[in-house]
Structures are given as structure tokens and as C-alpha cells.
1. Among residues other than Leu179 whose Cβ falls under 9 Å from its Cβ, what is the net charge (Lys/Arg +1, Asp/Glu -1)?
2. Please give the peptides 136-143, 179-186 ranked by average Cβ packing (other Cβ atoms within 10 Å per residue), highest first, as a rough proxy for protection.
3. Want the number for Asp124 to Asn108: 0.36 nm per residue separation, take away the alpha-carbon distance, what's left?
4. FRET efficiency for Asp64 and Phe189, Cβ-Cβ distance as r, R0 = 30 Å, nearest 0.05?
5. For segment 103-189, divide the Cα radius of gyration by the Kirkwood radius and give the resulting Rg/Rh value with two decimals.
Amino acid sequence: MTRNRLNILCATLLSMFAMACGEAGVATVEKDPGFGGEGGAGGAGGQPIDPSDLIAPFDNDSADNPAMDEFLSITNDRELVYSDLISAEDGDREDFVQFELPNNSNPNQRIDVGIDCNIEGDADVFARVEILDVGNGESKAVTGGPIDCNGGFIPVTVRNDRVQAVRIYVQGVPKTQTLIEYTLTVAPF
């Protein structure tokens, strides 16, 4: 595995472990007041969120300059795992990664793609994944999907004789500033 993938994987596992463990040993449980909310009968009102805290920084990736480019194979890196932030209305609204599969006798290959998200802000806004087969000066959307936040793994069919360009973007029109922290997983093997 590459160092970048190990760092992302470790950070993801650490955050999942921290969420699973919670605050062990706490006997009383108070209601969560929420973001600037009343919190119900036991809540005292939360701290208002500064909308600037919900803005994903621009990371300068694009379709021509993806944040990650991986060659996946059964004998080496078997899956792609990528975590980042996107946001709307302000901030970085989309991210790009790409991957390539070994070219064998059958040009079509079924893979599983999923995206797990944590959304802060407008709950009606989410991240969506678009995958394109790219090569020979053309691109074509893969079959399968849609691939949306927290929808589990979705089977899609890609051309394994082409590079796969992946776009992760904000879906929906937010009523308030919204931040989406996501982890994309591509599992072809």
C-alpha cells in the first residue's frame, strides 16, 4: 500500500473506533442539544455553528489532475479507499480520483463502489459518485448506480481496458452551508 493510502486508512479506522467507543464510564446521558438547537426537554441549547467551519478547502484536483491515481490488481493494491471533504454553497464542491484495472481478455468487469458520508448542515444534500470510462479521446458513463452517500456497495460495470475517472460531487441545492466528509471505496476484487 502507498503511504497516503495507509494514512487515510489509519485515520478512518481511528475515527470509527473513537465513535464506537464513545465516552465509556459516563453514567448519566443528557440529550444532545444539536447545532444551535433546543435539544428537547433536557437540552439547554447548543453552540451555534460558524458557517465558515462547514467549508471544504479547495484542493486543486480536477479531471485532468486527480487527487489519486491507482492501479488496482489482484496481486497488489486490491481496492481504492479515498477520504476527503466537499461542501456547498461555499468551498470545494467536487473531487476527482482515477483508477485502472488490469486489461485481460474480457474488457468488461463488475466492481463494487460505495461512499460513506457524514453530513453537517442541510440533511437533504448528499454526495454522489459518477464514474466514467476514459480513453481514446472519449468518455462514457459506466452502467449501474446511482452511487449515493450511505447507500452501501453498488455494483457497476466498467471497461477494464480504459482508465476510470471518478467524480465525487455535491448533489442537491443546500438551504444552509453544508459540509460532507466522505470515504469512497472501490472494490473490484
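1. Taking every other residue near Leu179 into account, the sum is -3.
2. Details: 136-143: 11.1, 179-186: 21.1.
Those peptides, ordered most packed to least, come out 179-186, 136-143.
3. Details: separation 16, 0.36 × 16 = 5.76 nm, distance 3.45 nm.
Residue separation times 0.36 nm, minus the Cα-Cα distance, leaves 2.3 nm.
4. On the way: r = 28 Å, r/R0 = 0.92.
With a Förster radius of 30 Å, E is 0.60.
5. Details: Rg = 14.5 Å, Rh = 13.9 Å.
Across segment 103-189, the Cα-based Rg/Rh ratio is 1.04.
No lab work stands behind these numbers, since they all come straight from the coordinates. All values reported here derive from a predicted model rather than from experimental measurement. FYI the Cβ positions are ideal-geometry reconstructions off the backbone, even for glycines, and counts take in every protein chain you see.
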